[in-house]
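This report concerns only the one structure given below.
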Amino acid sequence: MPHENTRYTGLPTHRSFYMKAFVVECPKCKKDAVATVGPLGQEDGKLRCNHCLFSEQAVDLIRFKLIVKRYCDNCGKEIDAVIPNQKEAVQEITVSCPHCRMTRTYKPKNEKYRTMYPETGQATDPIFNLPLWLQADVRGNLFWAYNFEHLHEIKDYVSSKLRERQSASFTTMVEKLPHFIKDAKNREAMIKAIERLELKRAL
């Protein structure tokens, strides 16, 4: 079998080690793009496609929900107003009472949240929720990798017959892989799937 190692010798890495850059499907041209985590974390992340030059920043996806929940100064009945999808936090908003129609200016609660691309049923990145570029069906199981470095490390582990524990202090990334990836009976199918994904680098 091609690419068959006797003993796995990879470094004892945690999954977070590979979560700095994600190869994803560009939402515009559907080719491979890269989503990277910024210095401040996922909220500071960026998306860049070298094919169509589309780019986006995670900060642009931040929205605020404005909430006013109180009793009307005029009629005493409850006001429960929610205004979603605002790009900025605000100090005051004008709201009409749904009972007496009296208009007043109130200080809302600004609830911050981050919008993402819609769910596709596929494995996605944690920044933009875009489909990962490196994913495939392996005997009815969804296999995926964050990036090519992640993919190659999994390939080295899968193709090794001897898999010794790499660290006594924590469970490594490869040791936490789903059972179907580590199952010896799936070794050949896994390597073939990974090698097909490796070819996607040239697309």
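The values are calculated or read from the model by the stated rules, or taken from the named source; none is laboratory data. Quick caveat, the model's predicted, so the values are computed rather than measured. Ideal geometry is used to build each Cβ from the backbone, glycine not excepted, and the neighbour counts take in all protein chains shown. Quick note on the areas: whole protein, heavy atoms, side chains included, nothing else; ligands and nucleic acids left out. Shrake-Rupley method; radii C 1.70, N 1.55, O 1.52, S 1.80 Å.
Observations, loosely collected:
- 0 to 90° range, to nearest 10: angle between helix 187-198 axis and the chain longest Cα axis: 60 degrees
- Chain lengthening between residue 14 and residue 53 when straightened (0.36 nm per residue, less Cα-Cα): 10.9 nm
- Dividing the mean sequence gap of close Cα pairs (under 8 Å, 6+ apart) by how many residues the chain holds gives a relative contact order of 23 percent.
- Between helix 148-158 and the chain there is an angle of about 50 degrees, using the helix long axis and the longest principal axis of the Cα atoms.
- Top of 155, 28, 77 by mean-square fluctuation, Gaussian network on the chain, Cα under 10 Å: 77
- Unit charges at the beta carbon, dipole of the chain: most positive-side option, 158, 122, 8: 122
- Taking a straight Cα-Cα cut-off under 18 Å and skipping sequence neighbours fewer than 8 places away in the same chain, the lysines within cross-link reach of residue 65 are 87, 107, 109, 112.
- Accessible area (Å², 1.4 Å probe, nearest 10) - residue 92: 130 Å²
- Among 128, 143, 22, the largest mean-square fluctuation in a Gaussian network model of the chain (Cα springs under 10 Å) belongs to 143.
- Among (1) 30, 17, 16; (2) 26, 20, 15; (3) 48, 19, 15, the entry derived from the coordinates for semi-axes √(5λ) of the Cα gyration tensor in Å: (3)
- Surface accessible to a 1.4 Å probe, residue 8 within the full protein complex, Å²: 10 Å²
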